[in-house]
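Below: one structure, written as structure tokens.
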């Protein structure tokens, strides 16, 4: 079984890209499974079921979705093996730009859209910088010049990644992505002992543990303060 991790900011078109890519993979008689991670709610699992794809979803609730992902990824891999899929795709919750849901030696795809702003690639951390493949969506809404400038911004942040444009509505470019995802010589039986490509966002403070009151008297643990000059004195 192959394992792929796909992440990206909210509403960048991850699910649409995955669905179109799965259509191309089905044409090659490959069985694909999907595990969708999200925070509070998602009905994307219904879309995958309609496409005939084995799917599970996990909602992190009050937990950081990245930490939730890492805590469950080994069980997810074993579920994929039990379903006898050729390719298992994990789709992360598109949330924090500091997210880093990538594992060493496991293909990592970041989906980002042209409408997010010209400086957005610089604002996204390991989720974009450590990806193997960067998919740019919604290129049909902007001009050719804007597409090229945005792609160059992505390249300046991650020059090693393969950058490609995919239309999530028509599926244009999805076949090319499908050829990059599956490697018949690769076989993942477990991810135990593997390492993340980058450390997770870290916070263990009183607010993590349920505190609601504001002020230094109620702040404990991993707290970082802004440098506001003399205004604190």
Any idea which residue in region 181-233 is farthest from residue 132 (Cα to Cα), counting only those that are at pLDDT 85 or above and part of a helix (DSSP H, G or I)?
217
Per the list (1) loosely packed, with under 15 Cβ neighbours inside 10 Å; (2) touching a helix residue (DSSP H, G or I) at 6+ places or on another chain (Cβ under 7 Å); (3) assigned by TED's automatic domain parsing to the domain that holds residue 89, residue check on residue 159 breaks on (2)
Out of region 90-101, which residues are in contact with a helix residue (DSSP H, G or I) (Cβ under 7 Å, 6 or more places away or on another chain) and either surrounded by fewer than 24 Cβ atoms within 10 Å (Cβ to Cβ) or modelled with pLDDT under 90 (or both)?
92, 93, 94, 95, 97, 99, 100, 101
List the number of the failed condition for residue 210; all other conditions in (1) touching a helix residue (DSSP H, G or I) at 6+ places or on another chain (Cβ under 8 Å); (2) without any contact (Cβ under 8 Å) to a residue 40 or more places away in the chain hold.
(1)
Which of the residues that make up region 60-111 are at positive phi and without any contact (Cβ under 8 Å) to a residue 40 or more places away in the chain?
61
List the number of the failed condition for residue 155; all other conditions in (1) more than 16 Å from the chain's Cα centre (by Cα); (2) in contact (Cβ under 8 Å) with a residue 40 or more places away in the chain hold.
(2)
Selection from region 24-56 of residues in a helix (DSSP H, G or I), out of contact with any strand residue (DSSP E or B) (no Cβ under 7 Å at 6 or more places or on another chain) and surrounded by 16 or more Cβ atoms within 10 Å (Cβ to Cβ) yields 24, 47
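This table checks each residue for (1) closer than 27 Å to residue 165 by Cα; (2) out of contact with any strand residue (DSSP E or B) (no Cβ under 8 Å at 6 or more places or on another chain).
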| position | (1), (2) |
| --- | --- |
| 77 | no, no |
| 86 | yes, no |
| 96 | yes, yes |
| 109 | yes, no |
| 112 | yes, no |
| 117 | yes, yes |
| 122 | yes, yes |
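This table checks each residue for (1) modelled with pLDDT under 95; (2) touching a helix residue (DSSP H, G or I) at 6+ places or on another chain (Cβ under 8 Å); (3) in a loop (DSSP other than H, G, I, E, B).
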{"position": "69", "(1), (2), (3)": "yes, no, no"}
{"position": "77", "(1), (2), (3)": "no, no, no"}
{"position": "81", "(1), (2), (3)": "no, no, no"}
{"position": "88", "(1), (2), (3)": "no, yes, no"}
Report yes if residue 114 is buried (at least 20 other Cβ atoms within 10 Å of the Cβ), without any contact (Cβ under 8 Å) to a residue 40 or more places away in the chain and more than 22 Å from residue 3 (Cα to Cα), otherwise no.
yes
Could you tell me which numbered condition residue 154 fails, if it satisfies all but one of (1) assigned to a helix (DSSP H, G or I); (2) within 19 Å of residue 20 (Cα to Cα)?
(2)
Condition check for residue 7: closer than 22 Å to residue 132 by Cα and buried (at least 19 other Cβ atoms within 10 Å of the Cβ)
yes
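The values are calculated or read from the model by the stated rules, or taken from the named source; none is laboratory data. Bear in mind that the values here come from a model prediction, so they are computed numbers and not experimental data. Glycine gets a Cβ as well: all are built from the backbone with ideal geometry, and neighbour counts include every protein chain shown.
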